[in-house]
Structures are given as structure tokens and as C-alpha cells.
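Peer 1: Submitted below is the structure of interest, expressed as C-alpha cells.
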Amino acid sequence: MTNLRAALAALLLLAACATPGAQTEQTAQTNQPTHPTTAERNPAVQVDALVFLPPAPAANGALERAERDIVRGPWSAERRAQALADNAIDPFAAFDSVLGPTFTAENFPATGALLARAGRAAGFAGDPVKFRDQRLRPFVTDSSITPCIEDTPRLRESFSYPSGHGALGFGWALVLAEIAPAHADAIIERGRDFGWSRVVCGVHYPSDIDAGRIVAAGAIARLHADPDFQRELVAARAEMAAAYPPAP
């Protein structure tokens, strides 16, 4: 099942910045970002974050300046290393600290399929808001902040609010908490920490992460009305129950 891990990473790669590649290239070329319509968004997305997500904090306003102080840290070398590791788009690597070393794509194919669907739905749902608000990332506006990942033009040209990476990780956590309820508390905490790694990394503000969690909650709640998701949920729940029995 090595191919499943590779396919999952490929399907969700753009969610690290949650900005579709074609749109990012267009933005770089024209400097006039377009706003994806409902029809143009990833078909996996079934909610409209433009309806329920408030605007990003004002650029260089009091709240953003206070948030920038948080982003600067200081952070320990260990926490920065964790932030770098959390840059990977791999739910098994993200949650094996809670579910153990046997929690792999090879061992849990049905769960992998479910998480791939959930990740696409949550990770891309905030894109229209990114284009609406066009919030610059912390390290772009403050040269004293050094990102833990490579500082590339693509990263600089993508927008910060809401965090697609944060939505992705929290979406995974919500689904995993449902199918492995005995570990729900630790899973949700790990999902929160996964998103916070983006602050430690210098590529998102705390309010970006908070907004990402709202996006994830909406996206995953809506998925429960999708028959395909329900079928995958049943299969994944059975798979996980065999390995992680509910508490008596």
C-alpha cells in the first residue's frame, strides 16, 4: 500500500498552502488575484466558507501586530523541528504519536481513503476566503521571522487566512476522533497542535489557524450528508475498531 501514501500526499499537496496552483500562477503573473467561484472550486468542497468565515484581521492593525509577537516566539529547537515535520501532508505521520507506530497507510487502507476525502474537503474549503482577504503571511511582512520551511516565491505569493494546513489537520482529527473514540481527546489535541505548528513555523498567524478549524468543522459536518463519505466512514470505523477497541 505504499502507493496509497504517495497518492494521498499528491492529492493533498496543495492544501499545505491551500491555494490552487493554477490560481497561484495566475496571481503571480497578473498581480490581480481572482476569486474562485463555487463552480471553480475543488469538487470535493461542499461548503462555502465565504458565507460563514469573518474577514481576516486588518493588515498591521493592533490584533495583527499582537499576533506577530506570538509568531516570533521564541520557540525551542525541538518545537521548530516538530513544526517542520508537521509540514508533511500525511495523516498517518501526523497522528502516529497518538495511535502508535502501526498506524500506517499500509495497515489502514479504508481509513486512508476516508482521510483523503476529508482532507480534500477541509483543506481546500478556505481558498475563496484567501482570495477575498489576501492576507500576507507573517514572514512576508516581518523580516525577523524565518519560516521553518523553504522560503519560495510560491509560498510568498500564497495567502495566509485561513490556514489550509490547519483546516486539513483539524479535519483529519475530527474524523479520527469519530472512528477511534477511545483516543478522541488525544487526537483532537494532536490536531490542534498540528495546526499550531504553522504558527511556530512562521507561515501563519494564530487567527489563521482558528479560522482553519472553523472551516474544518463546517467541511466535515457537511461531509456527513454525503453518501460516499458515509460508506467510507462505515468501512474505516470497522477497520479502526479492530485495532483500537472502544473503552469498556
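Peer 1: What does the charge count near Ala238 come to, summing +1 for each Lys or Arg and -1 for each Asp or Glu among other residues with Cβ under 14 Å from its Cβ?
Peer 2: The answer is -1.
Peer 1: Calculate, for Ala88 and Thr141, the FRET efficiency according to 1/(1 + (r/R0)^6) with r their C-beta to C-beta distance and R0 30 Å; round to the nearest 0.05.
Peer 2: 0.70
Peer 1: OK, next. If each residue's Cβ is checked for other Cβ atoms within 10 Å, how do Val203, Val51 rank with the fewest at the top?
Peer 2: Values: Val203 29, Val51 9.
The order, fewest Cβ neighbours first, is Val51, Val203.
Peer 1: First measure r as the distance between the Cβ atoms of Arg231 and Ile149, then evaluate 1/(1 + (r/R0)^6) with R0 = 45 Å and state the FRET efficiency to the nearest 0.05.
Peer 2: So the FRET efficiency works out to roughly 0.80.
Peer 1: How high is the relative contact order of segment 123-190, in percent, counting Cα pairs under 8 Å that sit 6 or more residues apart?
Peer 2: Values: 53 pairs, mean separation 24.5, N = 68.
Taking the mean separation of contacting Cα pairs over the length of segment 123-190, I get 36 percent.
Peer 1: Below 9 angstrom from the Cβ of Ser158, what's the summed charge of the other residues (Lys, Arg +1; Asp, Glu -1)? Can you show the working numbers first?
Peer 2: Details: positive: Lys130, Arg137, Arg154, Arg156; negative: Glu157.
Residues close to Ser158 contribute a combined charge of +3.
Peer 1: In nm, give the distance between the simple-model label positions of Asn60 and Ser76, each being 7 Å from the Cα along the Cα-to-Cβ direction.
Peer 2: In this crude spin-label approximation the distance works out to 3.6 nm.
Peer 1: Under a crude label model (7 Å from the Cα following the beta-carbon direction), how far is Glu106 from Ala221 in nanometres?
Peer 2: It is 4.0 nm.
Quick note: the coordinates plus some simple rules give every number you see, no bench work behind them. As the structure is a computational prediction, the values presented were derived from the model and not from experiment. When we count neighbours, we look across all protein chains shown, and the Cβ atoms used for this are built from the backbone with ideal geometry, even at glycine.
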